[in-house]
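To start, the structure under review is shown below, and the notes come after it.
The values are calculated or read from the model by the stated rules, or taken from the named source; none is laboratory data. All figures in this text were calculated on a predicted structure; none of them were measured in a lab. Heads up, the Cβs are rebuilt from the backbone with ideal geometry, glycines too, and the neighbour counts pull from every protein chain shown.
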Amino acid sequence: MNTTVVPGSTGTVSARGLTKVYGKGAGQVVALDHVDVDFAPGRFTAIMGPSGSGKSTLMHLLAGLDSATSGSSRIGDTEITALGDDALTELRRTRIGFVFQSFNLLPMFTAEQNILLPLDLGGNKVDKEWFATLVQTLGLGERLTHRPAELSGGQQQRVAIARALITKPDVVFADEPTGNLDSRSGAEVLSFLRRSVRELGRTIIMVTHDPAAAAYADRVVLIADGRIAGDISDPTPESVLAGLDALRTLETTPVAATPGGGQA
Amino acid sequence: MFRLTFAQMRKSVGKLVSAGIAIAIGTAFVAATLLAGNIMTSTSTDSVAATLADADAHLDLGGTVGLAPEAITSLDATAGVAVVSPQVQTYINVRRGEREVGTLAVSAAAEPRLEAQKLTSGAWPAATNEVALPAAVAERLGATVSGTVDIVGYTFDEAKGESEETTTTVTVTGLLDDPSGAYVSFDGALVGQVDDVLAWNGGSLVTSALVTLDAGADPATVLPALADAARAELVAAGTSDEDAAQVRALTKQQYADERIAQLSGDTNTVMYVVLAFGALALVVAGLVIANTFQVLVAQRTRTLALLRCVGATKKQLRASVLLEAGVLGTLASLTGILVGAIGVQALLAVLGTRDLGVPLPQTIEVTPAVVLVPLIAGVVVTVLAAFAPARGATRVAPLAALRPADAPSVRGGSKARLLLAVVLTVVGGAMLAGGIAVANAGEEPRPEIGLLLGIPGGALSFVGLIVGSVFWIPAVAAGIGALLSRTGASARLASANTLRNPRRTAATSTALLIGVTLVAMMSTGAASARATFNDQLDSHFAVDVLVEASGSSDGSGNLDTVREKVAAVPGVAATVPVTSTYVDKIELTLPDGPVPLGSTEVSGIDPTAARTVLHDPRKIDGLEDGVLLVDSSRELHLAATGAVVTRADGTTLDLRVKVITGGLGTHMVTATTMKQIAPDATASTLFVRLDSDNPVRTVDDIRTQVQDLGAWVTGAVAERAMFEQVINVLLAVVVGLLAVAVVIALIGVTNTLSLSVLERQRENATLRAIGLSRKQLRSTLAIEGLLIAIVGTLLGVVLGLVYGWSGAATVLGSFGDVSYAVPWRDIALALVVSVVAGLLASVLPARRAVRTSPVEALAVD
Ligand SMILES: Nc1ncnc2c1ncn2[C@@H]1O[C@H](COP(=O)(O)OP(=O)(O)OP(=O)(O)O)[C@@H](O)[C@H]1O
Ligand SMILES: [Mg+2]
C-alpha cells in the first residue's frame, strides 16, 4: 500500500468573498460573510465553530449543493458558482464525495450496490483494484452483501465513506460524520478518514463539533458568525479547545476575524 | 382527539385530496346512475299519465270480458260522473300503395280534452272510417289530410279457426302530434272511432275507459259507485260475480303509480346492472384509499408513538384514523354527488335542446336515495379501507418515538391470507373448468348449468387472485423490473423502489388489474363470440348476398338485367353469375364399382371470378375445367377416381373428381364444363360481394333495385352486420362503464408515486447529492409508474383473456366449434393507455421531487 501520496491531479478547494444571505428584509440572516479560504489537496481539514456559525452553509457552497449570494468558490480550475444544475450534478458525481451525519445509504441496495452507486449513476466502469483497496482499507469484506438495515451505524458510515471515495473524487465533504456514532465507532470512522488521506491520497473537509474528532485532521479552520476566525495546524484536542475558547472571547468582543490564510 | 385528527389532516391535505378524488369519482358515478334512473321513471310516469290526458280517473274492467261501448258511455248516469269515454287500443298496419307502417290505433275520446295527442292540422275523426294519423306515420306513408289509407287488421275466423287479414280503406281527417310522449314508443298513435278500432281487431267489447267527474265531486265516493255500476252492468250481461269483482275505478295518480310499478321493473334492472359497475368503481377506489392511509399511518409513526408515550390509548389512535377516513369519505362523497348531479343536469340541458320525442324533465329530481346511497357507500368504503391501516396505527409501540425515523418497513402478506387466496383460486378455477366441461359435454351440453357453475367460479378465483396479489404481483413486477434494469441506473433504482413495498405496489397494480381484467374479458368474450358466429355464418353463407332471379332456374331471361342493377348499387364490390341445372344422374367411380350421388344438381361458376366473391376460396379448391367438385363428408366418396354425368337427354360425360368437405353445398363445375353438361342452361343466381360500410343498407338497396324484377335477395351479411352491431354496442357500453374503474386506478398510480416521493424525500436528496441528475430522477419515477401500470395491465390482459375464453367456451360451446379470438386492437389500446398513464402519473410527483434541494439530504431531522 502506498503511503503519503499527494496526487497532482486534484486541485485546491477555495472560496473568495463567499457570501450567503438567507431570507429578506428584517428576517435576513447572513450565514456567510465574505469568506476567503483555501483547502490544499491531499490534506484532512476540519471546520469547527459554534452552532449556527455557518459551517454547514460553507460546505454546501463549496460542494455546489446550494447557490452563493455573492463571491465564488472553486475546485481546482472549476468555478463552481458559475455552473448550472446538470454540470453541478456531473461535478458531484465525479469530483466530489459526500459523507453524511445520518449515513444516508439506500435501504433497498446492498452495501456493495450502495458503494458502486455513483459509478452506476454515471454509467462508469468499476475500477476493480480501487474497489478492492477501499473494501480492504475500510474492513467491509464480510459485509458487501448486507443491506443497511443489517449493518451497525459504524459499518454503515464506513460503507458511506467507500461510496464517497469510489469515484476517486478531488475532495470529500463530511458533515459531522461521527455525530450519530458512539465514541468507539466514531474513532474508527475518523481513523479511516485519516487513512484515506494518508494512504489513499484523498482530500477531506470535515465539519465537526468534537475537538477530539478535529484532532484527527491535519488542520482546523475555525469559523464564527459566518467568518473565518482562526486556523490551527497539526491540531491536538487541547489546542482545538484553546482555539474554541478564544472564539468565545472573540464573540463577546467582536473583532474583524483573521482571514484563514491559504496555507499548504 | 378531534383537534389532533384535524391538525393531522391539514398536514396531509395533498395526499387526502388525491385519495378523495378516487372516492368522489365512484360516488359521482353512483349518484348519476340513480339520478338517471329517476329521470327514466319520471319520464315513463309522465308518459303513462299523459295517456289519461285531462281525465280525472280511469275505469278498468280488466279481468272481465268487457262491455259494449254504449254500455260504458251510459255509466255517466252515476252521480258525480260527467263523462265515461271508452278506450280501445290495438296494433294495426297502415298501408298506402307500396308502403306499410305498423302502429298503434287508439279510439277517439268522447271529448277532445280527453285526447292525449294534439291535432296539428285537419280535424278529429267524426264518422266511421275516418282516422287522424300521427304526423310521423303520415310522412312515412306520404299520406295527407283528406287522402285515404288502408288499415290492415286481423280478424279471427271462427269457422276456419285462423286469423285472416282484413283491409279497410279510411279517410285521413287530421294529423297528430304527441307532445307529452303518451305513445312515444310508436311515434304517436292513430286515432279512429271506437267501433272502427274494435272492428279492426275483430272485437266488440271494451275493458277500459277514461272518466271525468262533475266539478266538486269527491272521487272517494264517486269512483266506488262508478265501479259498482260497471259491475252491475257486467253481471247483467252474464259475467260472474267473481270476475266482476275485479273492476276498479282509480284516480289518475293511482293509475299512473300502478302502471309504473309494472313498467319500472325493467328500468330498475338496467339501473341495478349499472350500479354494479358503480360498486366496482368504489371497490377500486377503496384500494386506492387503503394505500393512502397505510402511508399516512406509516409516516406518522413518530407522532403516533409520541402520543402513545404521553398516554393516548390504542383505541384513541384507531378512532383518530377512522375519524379521518370518515371525514374524508363524507367530504369526497358529497363532492362526488354534487359532480354527478351537475353532470346529469348538464346532460339534461344538452338533451333538452334536441328533439328526442320524449318530454324530458327540465331539472333533475334529487330524492333522498340519490344523496344517501352514494354517501353511505362512499363513507363505508373509505372507512373500511382505512381499517387495516388503523389497526396498524395501534400497533405502533411507544418506543418507536425514540428510534430514528427510518422509512417504514412494510410486511408482505400473512400465511392465512396466502391460504385463503390459494383456496379461493383453486376452488374457483375448478368450478370454472367444471362449468366449461358441462357446457361442452359431448352428447348433452348444458350451457345454463355451465354458467351457473362458471360465473361464481370465475368470480371466486378472481377474488382469490386479488386477495393473493400481494404474493404474486411483486414477483411479476420483479421479473419485469429485472428486464428493465438492464437499461440503466434509473431503471435499476425504479425497480428496486417498486419492490420495497410489495403491499403497496400490489394494491396499486391490483386496482388497475381489476378494471383491465374486466375490460379485456369483455372484449375477448365479444371477439370470440363474433369470430365463432362469423365462422358459422361463413360456413352457412359462403357469400355476402345471394340474388336469385325469379326463384326458378328458368327465370334466367332477366339475370343480366338483375346483375346490371345490382352491380350499380353503391357498396357492391363484385357479382358473379352461377348457372345451376339438374342432370339425370351422377355416378362416382369407386374401386368397388359406380355409386350414384343423392343430389343431381350441378352448378357452374367461373373459378377465377368466384374467388372475388367467396369469403373462403377454399370452398372451391381444386375446381378446374373437366373436374366435378363433390361436396361430401362421406368417407366412401373420398376414394372416387372419376364421375360419369348423365345428361337430361341420356348422353354421358366423364369427369375427374375432387371431393371436398364443407364446400358450397352443391356439386360444382367450371362455367366451361357447365356448357358441356347443359349447353342451354343460363345463369339464374348471382353471388354478390360487398365492400360497404353499412351492409344492412346496401342489402336493402339491392332488394329495392331488383324487387320489380321478381328476384329474391338473401343477405347473410346483413344478419352478420346486425349481430356485430349488437355486440359492439353492448361492448362499448360495458367497456365505457368499466373505464371509470380504470380511471380511478390510474389516479391510484399517481397517488402511490406522490406518496413514494414524499416518503423518499431524503433518499432522493442523497441521490441528487451523490450525482443523480434531475433527468435521471424524473426517469426513475417515470419508470416506476410505468412498471406499476404495466404490471397491472399485462396481468389484467392475461387474466381477461383466460376469463374471456372460459366464458366463450361455456356460452358458445354448445353452438359448435368456438373460435378463441384475441382482441389485439383492444389489448394494444389498453397497453398504450397504461404506458401513457403510467408515464403521466409520474409527471406531478417528479416535478415535486426534482424541486427538492440536495441540501436536505444533509439536514438531520
Ligand atoms: N435554509 C435556511 N434558511 C434560513 N436560514 C438558514 C438556513 N440554513 C441555515 N440558516 C441560518 O444560517 C446560519 C448558519 O447555518 P449553518 O447551518 O451553516 O450553521 P452550522 O454552523 O452548520 O450550525 P450547526 O453546528 O448547528 O450545524 C444559521 O444562523 C442558520 O439559522
Ligand atoms: Mg451544521
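Tabulated data for the structure shown
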| read-out | value |
| --- | --- |
| Hits in the range A:50-94 (condition: away from ligand 2 (no atom under 13 Å from the Cβ) and acidic (Asp, Glu)) | A:ASP77, A:GLU79, A:ASP85, A:ASP86, A:GLU90 |
| Residue within the range B:707-726 that is modelled with pLDDT of 75 or more, crowded, with 19+ Cβ neighbours inside 10 Å and part of a helix (DSSP H, G or I) present | no |
| Members of the range A:183-219 that are within 16 Å of ligand 2 (Cβ to nearest atom) and not small (Gly, Ala, Ser) | A:ILE205, A:MET206, A:VAL207, A:THR208, A:HIS209, A:ASP210 |
| Residue list for the range B:55-92, filter: within 20 Å of B:ARG259 (Cβ to Cβ) and in a loop (DSSP other than H, G, I, E, B) | B:ALA55, B:ASP56, B:LEU61, B:GLY62, B:GLY63, B:THR64, B:GLY66, B:GLN87, B:VAL88 |
| Near pairs, Cβ below 8 angstrom, 6+ apart or cross-chain, from the range B:471-497 (on the phi > 0 side of the Ramachandran plot) to any residue that is surrounded by fewer than 16 Cβ atoms within 10 Å (Cβ to Cβ) | B:GLY488/A:GLY123 |
| Members of the range A:68-103 that are of a type in the set (S, T, N, Q), away from ligand 1 (no atom under 16 Å from the Cβ) and within 10 Å of chain B (Cβ to nearest Cβ) | A:THR89, A:THR94 |
| Checklist (1) modelled with pLDDT under 80; (2) more than 30 Å from A:PRO107 (Cβ to Cβ); (3) crowded, with 24+ Cβ neighbours inside 10 Å applied to B:GLY515, failing item | (1) |
| Among the candidates A:VAL29, A:VAL21, A:VAL35, residue that is more than 14 Å from chain B (Cβ to nearest Cβ), surrounded by fewer than 17 Cβ atoms within 10 Å (Cβ to Cβ) and within 16 Å of ligand 2 (Cβ to nearest atom) | A:VAL29 |
| Verdict on A:ILE228 being modelled with pLDDT of 85 or more, touching a Pro at 6+ places or on another chain (Cβ under 6 Å) and within 24 Å of A:VAL99 (Cβ to Cβ) | yes |
| Any chance B:LEU453 is away from every other protein chain (no Cβ under 14 Å), surrounded by 24 or more Cβ atoms within 10 Å (Cβ to Cβ) and part of a helix (DSSP H, G or I) | no |
| Residue that is surrounded by the fewest Cβ atoms within 10 Å (Cβ to Cβ) [pool: residues in the range A:173-203 that are acidic (Asp, Glu) and within 16 Å of ligand 1 (Cβ to nearest atom)] | A:GLU176 |
| Flag if B:VAL381 is at pLDDT 80 or above, in the same structural domain as B:SER12 (by TED's automatic domain parsing) and within 18 Å of B:VAL17 (Cβ to Cβ) | yes |
| Residue list for the range A:116-130, restricted to those being more than 18 Å from B:LEU777 (Cβ to Cβ) and either within 7 Å of chain B (Cβ to nearest Cβ) or buried (at least 18 other Cβ atoms within 10 Å of the Cβ) (or both) | A:LEU116 |
| Residue list for the range A:134-189, restricted to those being of a type in the set (S, T, N, Q), more than 14 Å from chain B (Cβ to nearest Cβ) and assigned to a helix (DSSP H, G or I) | A:GLN136, A:THR137, A:GLN155, A:SER183, A:SER185 |
| Test: residue in the range B:623-630 that is without any contact (Cβ under 8 Å) to a residue 12 or more places away in the chain and at positive phi | no |
| Helices (runs of 4 or more DSSP H) fully within the range B:760-861 counting 2 or more residues that are touching a residue at least 12 places away in the same chain (Cβ under 8 Å) and within 16 Å of ligand 1 (Cβ to nearest atom) | B:761-769, B:855-858 |
| Subset of the range B:769-784 (residues that are more than 7 Å from chain A (Cβ to nearest Cβ) and buried (at least 24 other Cβ atoms within 10 Å of the Cβ)) | B:THR780, B:LEU781, B:ILE783, B:GLU784 |
| Selection within the range A:208-226 - within 13 Å of ligand 1 (Cβ to nearest atom) and surrounded by fewer than 24 Cβ atoms within 10 Å (Cβ to Cβ) | A:HIS209, A:ASP210, A:ALA224, A:ASP225 |
| Residue count, the range A:190-216 (criterion: in a loop (DSSP other than H, G, I, E, B) and either in contact (Cβ under 8 Å) with a residue 60 or more places away in the chain or within 14 Å of chain B (Cβ to nearest Cβ) (or both)) | 8 |
| Those residues of the range B:343-394 which are part of a loop (DSSP other than H, G, I, E, B) and either hydrophobic (A, V, I, L, M, F, W, C) or within 17 Å of B:GLN294 (Cα to Cα) (or both), in sequence order | B:LEU356, B:VAL358, B:LEU360, B:ILE364, B:VAL366 |
| Residue identified as among the charged types (D, E, K, R), surrounded by fewer than 23 Cβ atoms within 10 Å (Cβ to Cβ) and touching a Ser or Thr at 6+ places or on another chain (Cβ under 6 Å) among A:ASP170, A:ASP234 | A:ASP170 |
| Matching residues, the range B:491-539, being within 14 Å of another protein chain (Cβ to nearest Cβ) and among the small types (Gly, Ala, Ser) | B:ALA491, B:ALA494, B:SER495, B:ALA496 |
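Yes/no per residue for (1) of a type in the set (A, V, I, L, M, F, W, C); (2) within 27 Å of B:THR128 (Cα to Cα):
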| residue | (1), (2) |
| --- | --- |
| B:THR169 | no, yes |
| B:LEU176 | yes, yes |
| B:GLY181 | no, yes |
| B:VAL222 | yes, no |
